[in-house]
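The values are calculated or read from the model by the stated rules, or taken from the named source; none is laboratory data. Note that this is a predicted model, so its numbers are computed, not measured. Glycine gets a Cβ as well: all are built from the backbone with ideal geometry, and neighbour counts include every protein chain shown.
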């Protein structure tokens, strides 16, 4: 089994603390060697790039370099962190001049980026380490009869030249996990759409309509719940659910789970340990 440096991201340590708790609980249950490095800093969420491109790359080259020193690939549960870190790695690995410039900055703190580690999402690691069948063998409480709508969001599948884990036009990683847990994945026309999170501040009404349409698609597909690998998608789909549905003239509730929460339930982990009490829409509705 691989060794991983856990990069939770800011959302999972703050507004989405339940995601952090569930991830740690699942990793412990499955015996995944995952260590959170104290040197890690915020990835900048793409905002630093708007200020100064090299600064954005250098900040994340620093994170990558610390993981390299430990000989551990980075694993994250935040899709935006995934994109930002993989983008930094992509540009550094494909631009020698940029890499040299960034390493001059890193040298001031005794670091060097070499390009020896990868950046992965936690649900990729579940499949890479155990596979669909291996996960199924570890399930203690099969989620039989549960219909789950996998909502990917943008940053675990796009842009494909930077993310590149699976075909962005028809990803299947979440469906594989759902099946391994004994549940049934249901597909809708909006499972690969944007949740609208990053549009919220400039255009909240558009953001809420996008979110509402995604939730309605899940309901119309016959889903009992939604599962997403992205904490920002989760915020819009769960915390903003009432507002989003009002924006499209709908009124219903559908639970939205983080991937580790769904996995944890099937592994027999107590709901409180998975932070399910923090979700806005209760899973007890199922």
> Out of the residues in the range 1-28 that are assigned to a loop (DSSP other than H, G, I, E, B) and over 25 Å from residue 234 (Cα atoms), which is modelled with the lowest pLDDT?
Replying inline: 1
>> List pairs: first residue in the range 123-148 and within 19 Å of residue 34 (Cα to Cα), second residue modelled with pLDDT under 95 and surrounded by fewer than 20 Cβ atoms within 10 Å (Cβ to Cβ) anywhere in the structure, Cβ distance under 8 angstrom, at least six positions apart or on different chains.
In response: 125/2; 128/2; 129/1; 129/2
> Are there any pairs with C-beta distances below 6 angstrom linking a residue in the range 150-169 that is at negative phi and modelled with pLDDT under 95 to a residue that is in a loop (DSSP other than H, G, I, E, B) and surrounded by fewer than 21 Cβ atoms within 10 Å (Cβ to Cβ), with the two at least 6 apart or on different chains, and if so which?
Replying inline: 160/168
> What single numbered condition from (1) over 24 Å from residue 145 (Cα atoms); (2) surrounded by fewer than 16 Cβ atoms within 10 Å (Cβ to Cβ); (3) without any contact (Cβ under 8 Å) to a residue 24 or more places away in the chain fails to hold for residue 199?
Replying inline: (2)
